[in-house]
Amino acid sequence: VDPDYREGSELTYMHGVAVTDRAAVPDDLDVINVPAGQWAVFRSSGPYPDALQDTYAATASEWFPSNPSWRMRPGPSIVAVLDRADDFSTATTELWVPIERA
């Protein structure tokens with residue numbers, strides 16, 4: 001996600017799995033190298049995707065304004081689905097946002 005992302009603009013959403021550098025990846029799949037760094041991690045539980053969307057919005061409206069010594073750094077935000085209902089109506093997720101000192 002671009003640190004200059006604006007509400008209402010498009011974003012790219014991909015499903016992924018962590019692999020080692022030695023993993024054989026099929027030719028029809030993309031490999032994205034995610035650099036090491038610091039992350040702010042936010043957990044949400046509840047109606048899906050509403051609770052996750054609310055959490056994402058709160059990072060911009062609450063967390064970053066309350067923590068001015070941090071800013072987003074370039075790189076993907078990562079969503080981990082930790083638990084979910086069979087019909088995906090509810091879920092527990094973690095939102096990982098790449099951060100750096102401002």
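The values are calculated or read from the model by the stated rules, or taken from the named source; none is laboratory data. Because the structure is a prediction, the values reported are computed rather than measured. Every residue, glycine as well, gets a Cβ built from its backbone with ideal geometry; the counts of neighbours run over all protein chains shown.
Within segment 21-33, is even one residue loosely packed, with under 14 Cβ neighbours inside 10 Å, closer than 14 Å to ILE99 by Cβ, touching a residue at least 24 places away in the same chain (Cβ under 8 Å) and not hydroxyl-bearing (Ser, Thr, Tyr)? Within segment 21-33, not a single residue is loosely packed, with under 14 Cβ neighbours inside 10 Å, closer than 14 Å to ILE99 by Cβ, touching a residue at least 24 places away in the same chain (Cβ under 8 Å) and not hydroxyl-bearing (Ser, Thr, Tyr).
In the list TYR5, TYR13, which residue meets the criterion of being closer than 23 Å to ALA102 by Cα, out of contact with any helix residue (DSSP H, G or I) (no Cβ under 7 Å at 6 or more places or on another chain), of a type in the set (Phe, Trp, Tyr) and modelled with pLDDT under 95?
Exactly one of TYR5, TYR13 is closer than 23 Å to ALA102 by Cα, out of contact with any helix residue (DSSP H, G or I) (no Cβ under 7 Å at 6 or more places or on another chain), of a type in the set (Phe, Trp, Tyr) and modelled with pLDDT under 95, namely TYR5.
Restricting attention to segment 76-102 and to residues that are in contact (Cβ under 8 Å) with a residue 40 or more places away in the chain and among the aliphatic types (A, V, I, L, M), the residue that is farthest from MET14 (Cα to Cα) turns out to be ILE99. For segment 64-102, the candidate set comprises residues that are among the small types (Gly, Ala, Ser) and within 13 Å of the chain's Cα centre (by Cα); within that set, the residue that is nearest to VAL34 (Cα to Cα) is GLY75.
Quick one: in segment 34-48, which of the residues that are touching a residue at least 60 places away in the same chain (Cβ under 8 Å) and assigned to a strand (DSSP E or B) is farthest from the chain's Cα centre (by Cα)? The qualifying residue farthest from the chain's Cα centre (by Cα) is GLN38.
GLN38 meets each of the listed conditions (1) loosely packed, with under 13 Cβ neighbours inside 10 Å; (2) over 29 Å from ARG101 (Cβ atoms) apart from (2).
Filtered by the rule that a residue be part of a strand (DSSP E or B) and surrounded by fewer than 16 Cβ atoms within 10 Å (Cβ to Cβ), segment 53-98 gives ARG71, ALA80, VAL81, LEU82, ASP83, ARG84, THR90.
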